[in-house]
Amino acid sequence: DESSGYESESAGGDRAAAAGGTRGRQRRARTAFTSEQVCRLEKTFQRQKYLGASERRKLAAALQLSEIQIKTWFQNRRMKLKRQI
């Protein structure tokens, strides 16, 4: 579970493929969240820093994102908050 939600950022497993050219799997394109999605995610984050499975499922359906994208966005947002503090 080291996916960042910004799918092009990996834990480093693709470095050899990037340097070597065609070997390995291709990275997925970075997810570009819309301003509406970010606004809703931020509002939800202000209310609660951690989402349960059912809350994540509902938010993913409402924003037309995957549950993994929601989970990863929250992980990244918590780390951003930690860096700011």
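The table below gives the values:
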read-out: Which of 66, 35 is most accessible, then next, and so on - probe 1.4 Å; value: 35, 66
read-out: For region 31-42, 3J(HN,Hα) per residue [Karplus equation, 6.51 cos²θ - 1.76 cosθ + 1.60, θ = phi - 60°, Hz, x = Gly/Pro]; value: 6, 9, 6, 6, 4, 5, 5, 5, 4, 5, 4, 5
read-out: Sparse-neighbour loop sites [trypsin sites (Lys or Arg not before Pro); region 31-65; at most 14 other C-beta within 10 Å; DSSP]; value: 49
read-out: Modelled FRET efficiency - R0 25 Å, residue 82 with residue 55, Cβ distances, 0.05 increments; value: 0.75
read-out: All lysines inside 21 Å of residue 58 as judged from Cα atoms, apart from same-chain residues fewer than 8 positions distant; value: 43, 49, 71
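The values are calculated or read from the model by the stated rules, or taken from the named source; none is laboratory data. All of these numbers come straight from a predicted model, not from anything done at the bench. Please note: Cβ atoms are built from the backbone with ideal geometry, for glycine as well, and neighbour counts cover all protein chains shown. To get the accessible areas, we keep the full protein, side chains included, count just its heavy atoms, and leave off ligands, DNA and RNA. Shrake-Rupley method; radii C 1.70, N 1.55, O 1.52, S 1.80 Å.
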